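Enquirer: Sending over a structure as C-alpha cells; questions will come in a sec.
The values are calculated or read from the model by the stated rules, or taken from the named source; none is laboratory data. All values reported here derive from a predicted model rather than from experimental measurement. Every residue, glycine among them, receives a Cβ derived from its backbone with ideal geometry; neighbour counts consider all protein chains shown.
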Amino acid sequence: MATEDLFVTNTILQPVADALGVSIEVVMAIMIIVSVWSLIWKGFALWKASKKNHKFWFIAILILNTVGILEILYIYVFSKMNFKNKNNLSVKKK
C-alpha cells in the first residue's frame, strides 16, 4: 500500500469504522456498494431526463449526489408529470 493510501485509511476510514464498530474493510465494502447503487440510478435517471428533454432535471441529477433518492423520485414520480402547462401540473397517463 502506498503512503497516501495508509494516510487515508488511518485518518478518514478508521474513525468511521470505529464509530460503526466494524473493520475498515467493511466500511470500504459499504462505500463501494453505495457508489455502484448510486451510479446505476444516476445513469437511468440521466438517460430518462435526456430523452424527455428535461434540462433542469438533467443538471440537478448530474450535480446533486443523493445516493439514488432524487434519481428514483425523478424516474417514478417527476418524469411522469406534465410540465408544459405550468398552471396544471398533472400526471400523464399511459
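Enquirer: State which residue is surrounded by the fewest Cβ atoms within 10 Å (Cβ to Cβ) when the search covers only the stretch 43-64 and only residues that are closer than 15 Å to Val77 by Cα and basic (Lys, Arg).
Expert: Filtering first and then ranking leaves Lys52.
Enquirer: Are there any helices (runs of 4 or more DSSP H) wholly within the stretch 24-94 with 2 or more residues that are at pLDDT 90 or above and small (Gly, Ala, Ser), and if so which? Break it down stepwise before answering.
Expert: Numbers: elements: 24-51, 55-63, 69-76.
Helices (runs of 4 or more DSSP H) meeting the threshold: 24-51.
Enquirer: In the stretch 30-57, how many are among the small types (Gly, Ala, Ser) and closer than 13 Å to Leu70 by Cα? Before the answer, list the steps.
Expert: Residues of the stretch 30-57 that are among the small types (Gly, Ala, Ser), as a first pass: 35, 38, 43, 45, 49-50.
Checking the rest, the ones that are also closer than 13 Å to Leu70 by Cα come to 38, 43, 45, 49.
Matching residues across the stretch 30-57 total 4.
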